[in-house]
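Participant: First the structure, then my questions, so here it is.
The values are calculated or read from the model by the stated rules, or taken from the named source; none is laboratory data. These numbers come from a predicted model, not from an experiment. Cβ sites come from the backbone with ideal geometry, for glycine too, and all protein chains shown count toward neighbours. The accessibility values were calculated without ligands, DNA or RNA, using every heavy atom of the protein model including side chains. Shrake-Rupley method; radii C 1.70, N 1.55, O 1.52, S 1.80 Å.
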Amino acid sequence: MRQAAVRAHTNIALIKYWGKRDEEYFLPMNSSLSLTLNELYTDTCVTFDETLEADLFYLNGKQQSEQETVKISRFLDLFRKEANLSVRARVESINHVPTAAGLASSASAFAALAGAANLATGLQLDDQTLSMFARQGSGSATRSIYGGFVEWNKGTSPTDSYAIPVDDADWDIGMVIVAVNRSAKKVSSRVGMKQTVETSPFYPSWVETAETDLQAIKEAIKERDFQTMGEIAEHSAMKMHGSMLGANPPIMYFEPNSIQAIQCVNRLREQGVLCYVTMDAGPNVKVLCRLSQAKQIKEELSKYFNEEQLLVTGPGEGIRELTKEEVTAYGWKRS
Ligand code: ADP
Ligand code: DP6
């Protein structure tokens, strides 16, 4: 038996990935840039076990459906192929992030799974290659291999579309997450982006402006110009949602409470607090801010949302192997 357990943090894109040019290899239409978050993460343990006849997948202690397990098997096949292995695996994963609720569980999930499969197979792939493997589980996972600000270059082929760290974000950066609704969304990112690419007349301008925005935000990050970075990120998120609204049928992830959170952020900004909104494929709102002002922003939001709905986080690190103690604490059987 060969076993390894890895932690990966989620990331929230400031320049979003929205749309694939190749669905088989998860090649994006546009390059993207994200911030890895400290408080939201996935821990995954992979055990290759000769006695197993099929892969098994447990999420938060519950065995998952055949449909979910097939996704994991296909992903592990990438590693099995590379390592020339045919052994089946038990995958045990714990999400410290709501699943499928627009808080990027698939990003931390596939980065953690990639990291654990890499160690358990003994492949010793470098981070760049690992990022490309993670990409084939979920696009946003490409970026969760690294900490801080991370750029995913769309590349030209399956072998050069990977993420690179841009900046460690160690300069008073944070996010306040407003969990408007933690239940699983009705339209997955995968389905939503496909529908947008295929039917939205606004989609071409999304792709075009995403590239310009990416260059501008990288410059702002380099200059540590928080205001410009925030303005570009907020505008980019709204353009992505605009492209979705133009899809046929339209896709709308906003809920009344999402708007309420956005209006609260606008008011804070009028009062001179620099904070900016971003939203993904779900109703939850993420407020990009100075970590030193996050408490004040949370207090304002707590007039409309309860304590369980608000989470403050700073930048997170890249993937790391879990310690023996951490593995034992989960009750995962050690091999
Ligand atoms: P989210 O906004 O949470 O990223 P997605 O719809 O993009 O939502 O992805 C959610 C999907 O990711 C789940 O339905 C499941 O297939 C997969 N997933 C989530 N957590 C895990 C995990 N810990 N291990 C493996 N797959 C996971
Ligand atoms: C809006 O990475 O979840 O969060 O590649 O189909 O698994 P798949 O999609 P996914 O989409 C993420 C979309 C987004 C923007 C982003 O994270 O860049």
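Participant: Taking 0.36 nm per residue of separation and subtracting the Cα-Cα distance, what length does fully extending ARG320 through GLN271 add?
Facilitator: 13.6 nm
Participant: Say the cut-off is 23 Å between C-alpha atoms; which of LYS16/LYS185; LYS154/LYS186; LYS194/LYS218; LYS218/LYS239 go over it?
Facilitator: LYS154/LYS186; LYS194/LYS218
Participant: While we're here: Carbon and sulfur: what percent of the chain's accessible surface (1.4 Å probe)?
Facilitator: Carbon-and-sulfur percentage of accessible area, whole number: 48.
Participant: For the pair GLN67 and LYS333, what calculated FRET efficiency results from E = 1/(1 + (r/R0)^6), where r is the Cβ-Cβ distance and R0 = 25 Å, to the nearest 0.05?
Facilitator: After rounding, the FRET efficiency stands at 0.50.
Participant: In addition: By how many degrees, 0 to 90 and rounded to 10, does the Cα axis of helix 256-270 deviate from the longest principal axis of the chain?
Facilitator: Around 60 degrees separate the two axes.
Participant: Also: Residue separation times 0.36 nm, minus the C-alpha to C-alpha distance between ASP126 and SER157: what's the value?
Facilitator: 9.3 nm
Participant: Let me ask you something else. Let a ≥ b ≥ c be the square roots of the eigenvalues of the Cα gyration tensor of the chain; is it rounded (a/c under 1.5), or, if not, prolate (a/b larger than b/c) or oblate?
Facilitator: It comes out prolate by the Cα gyration axes.
Participant: Hey, another quick one. Give, rounded to the nearest 20 debye, the magnitude of the charge dipole that the chain has about its Cα centre when Lys and Arg contribute +1 at Cβ and Asp and Glu contribute -1 at Cβ.
Facilitator: Here the size comes out at about 600 debye.
Participant: Separate question: With everything on Cα atoms, drop me the angle between helix 189-199 and the longest principal axis of the chain, reported from 0 to 90° to the nearest 10.
Facilitator: The two axes meet at around 60 degrees.
Participant: Now, a different point. What lysines does LYS295 reach when the alpha-carbon gap must be under 22 Å and sequence neighbours fewer than 8 apart in one chain are set aside?
Facilitator: LYS286, LYS303
Participant: Using Cα positions and a limit of under 20 Å, work out the aspartates and glutamates in reach of LYS62, with same-chain residues fewer than 8 apart set aside.
Facilitator: Hits, sequence-local ones excluded: ASP43, ASP49, GLU53, GLU92, GLU326.
Participant: Contact order normalised by length for region 173-313, with contacts defined as Cα pairs under 8 Å and 6 or more residues apart; what percent is it?
Facilitator: 42 percent
Participant: If you build a Gaussian network model of the chain, linking Cα atoms that sit under 10 Å apart, which residue out of ILE164, ILE173, ILE259 swings the most?
Facilitator: Of ILE164, ILE173, ILE259, the Gaussian network model singles out ILE259 as fluctuating most.
Participant: In a shell of Cβ-Cβ distance under 10 Å around GLU23, excluding GLU23 itself, what net charge do Lys and Arg (+1) and Asp and Glu (-1) give?
Facilitator: +2
Participant: Sequence-distant or interchain residues sharing an amide H contact under 5 Å with GLY316, placed H: which?
Facilitator: Amide H to amide H, under 5 Å and 5 or more residues apart or across chains, GLY316 pairs with THR36, LEU37, ASN38, GLY148.
Participant: Using a Gaussian network model of the chain with C-alpha springs under 10 Å, which one of SER183, SER258, SER108 is most mobile by mean-square fluctuation?
Facilitator: SER183
Participant: Can you give the extra length, in nm with one decimal, that the chain gains between PHE202 and GLU231 once fully stretched, where that is 0.36 nm per residue apart less the Cα-Cα distance?
Facilitator: Taking PHE202 through GLU231 to full extension adds about 8.4 nm, to one decimal.
Participant: Treat every Asp and Glu Cβ in region 160-266 as -1 and every Lys and Arg Cβ as +1, leave all other atoms uncharged, and give the resulting dipole magnitude about the Cα centre to the nearest 20 debye.
Facilitator: Value, rounded to 20: 720 debye.
Participant: State, to one decimal in nm, how far the label point of GLN263 lies from the label point of HIS96, with both points 7 Å from Cα in the Cβ direction.
Facilitator: Distance between the two pseudo-spin positions: 3.5 nm.
Participant: Along the Cα-to-C-beta direction of SER292, a point sits 7 Å from the Cα; which residues of region 160-185 have their amide N less than 17 Å from that point?
Facilitator: Answer for region 160-185: 169-175.
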